[in-house]
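Below you'll find the structure, written out as structure tokens, and then a few comments.
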């Protein structure tokens, strides 16, 4: 275990002061057993105690008690962590490490150079909470991607290397975004539930077709679907990057929008958004005006696979002929404990062959914006994931989370694999469409 000597500060570094608000209840649950170590991606890469959940908890306790300061070394240890929560799945004491690491990052703020910090804060505070601004930014990015300016800048090597690496992770921005003309979509057949759809920021901008497919699948399963216009980003990226106050404001907006809609459940098709939304109760537990409403909101939240498997999946489903492997998004399998439901849904689709991937519940290296702020470690983790994908011989990798889809797609391009990435809900939507056609079979595009 680290000691005060190995963790403490020396020389002219500022004196440490206790931070009582960082002494959160979750810290007390860790029994220092070390079961988490072999499951932690950064510990597996670096082999250092300070890059393990146990070591980071020890560091955070030391900062909370005023034994060490928040300095550059502490910041590095907190941000080398992916926040994948694999440690939570194996922890015998039920430590919620995600809550702990986010509390520590809230004391640090965004990481990086002074310019990077300012840019990240600007985006988190003045872009992420505003859907209209996000759409404008995405439209400008689309213009850049399609213009000769971008092509010429890349050809002449005028784009800095790090910026070019970031750009390579992005898919082409689509022609349209998810901005439905109506708030309520009626159920097909007898109404069994009234549900809200959290449309998300990345999902609305880059995967509008998946939000539309989610609505179709829910309607086919007897759901009246409400897409409240007052909703905003779920605040997951803010929480991962130490912007806690902005995250609380965004959570309050979503709580008001969805509780005001009178829904039976809040359905979410992005694992990171679902994990963040289910933890609004912890985020707002000290807010006297919102603590109870946040707890009610979190209880209503369901991942779309979880929601569909809680009910009898409606039919008929037609064939979708493909060999698929499944990547467990970290914030679905570890953050929400959802492992069986997506696989059960895939097995319901006729013609689909599911091949398990080795280490399917290991992080792909996306982890929010980890692949942007820690590209070297992210690439190392992605290489391991691509080797596992290749071994399956699958036509498709199913990964129901936008960050995972973008990361794995970039890996497929980089390593030249002959496979594609799909969201599970897209395959279900295809199966329903195939079930309505004569012959009822479809090969995925």
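So if I check each of 203, 166, which one is within 22 Å of residue 274 (Cα to Cα), surrounded by 13 or more Cβ atoms within 10 Å (Cβ to Cβ) and either touching a residue at least 60 places away in the same chain (Cβ under 8 Å) or touching a strand residue (DSSP E or B) at 6+ places or on another chain (Cβ under 7 Å) (or both)?
Going through 203, 166 in turn, the sole match is 203.
Please state which one of 388, 399, 441 is at pLDDT 95 or above and more than 27 Å from residue 173 (Cβ to Cβ).
388
Of the conditions (1) at pLDDT 60 or above; (2) over 30 Å from residue 334 (Cα atoms); (3) part of a helix (DSSP H, G or I), residue 26 satisfies every one except a single condition; which number is it?
The one condition residue 26 does not meet is (2).
Of all residues in the range 225-247, count the ones that are in contact with a helix residue (DSSP H, G or I) (Cβ under 6 Å, 6 or more places away or on another chain) and in a helix (DSSP H, G or I).
6
Check off (1) surrounded by 15 or more Cβ atoms within 10 Å (Cβ to Cβ); (2) part of a helix (DSSP H, G or I); (3) modelled with pLDDT under 95 for residue 88 and give me the number that stays unchecked.
Every listed condition holds for residue 88 apart from (3).
Can you give me the number of residues within the range 101-139 that are closer than 30 Å to residue 36 by Cα and surrounded by fewer than 21 Cβ atoms within 10 Å (Cβ to Cβ)?
Of the residues in that region, 6 qualify.
Tally up the residues in the range 172-185 that are touching a strand residue (DSSP E or B) at 6+ places or on another chain (Cβ under 6 Å) and exposed (fewer than 13 other Cβ atoms within 10 Å of the Cβ), please.
1
Give the residue that is farthest from the chain's Cα centre (by Cα), with candidates limited to residues of the range 300-359 that are surrounded by fewer than 20 Cβ atoms within 10 Å (Cβ to Cβ) and within 28 Å of residue 256 (Cα to Cα).
311
So for the range 91-100 (the condition being assigned to a helix (DSSP H, G or I), without any contact (Cβ under 8 Å) to a residue 60 or more places away in the chain, out of contact with any strand residue (DSSP E or B) (no Cβ under 6 Å at 6 or more places or on another chain) and surrounded by fewer than 21 Cβ atoms within 10 Å (Cβ to Cβ)), does at least one residue qualify?
no
Condition (residue is over 27 Å from residue 245 (Cβ atoms), out of contact with any strand residue (DSSP E or B) (no Cβ under 7 Å at 6 or more places or on another chain) and at pLDDT 95 or above) applied to the range 61-73: is it met by at least one residue?
So far as the range 61-73 goes, no, none of its residues is over 27 Å from residue 245 (Cβ atoms), out of contact with any strand residue (DSSP E or B) (no Cβ under 7 Å at 6 or more places or on another chain) and at pLDDT 95 or above.
Of all residues in the range 71-81, which are touching a helix residue (DSSP H, G or I) at 6+ places or on another chain (Cβ under 8 Å) and more than 19 Å from residue 30 (Cα to Cα)?
74, 75, 79, 80 - these are the residues of the range 71-81 that are touching a helix residue (DSSP H, G or I) at 6+ places or on another chain (Cβ under 8 Å) and more than 19 Å from residue 30 (Cα to Cα).
Out of the residues in the range 206-224 that are free of Cβ contacts under 8 Å to residues at least 60 places away in the same chain and in a helix (DSSP H, G or I), which is nearest to residue 314 (Cα to Cα)?
219
Return the only residue of 252, 248 being over 19 Å from the mean Cα position of the chain (by Cα) and at pLDDT 95 or above.
Exactly one residue qualifies, and that residue is 252.
The values are calculated or read from the model by the stated rules, or taken from the named source; none is laboratory data. Everything numeric in this text was worked out from a predicted model, so none of it was measured. Positions of Cβ are generated from backbone atoms using ideal geometry, with glycine treated the same way; all protein chains shown enter the neighbour counts.
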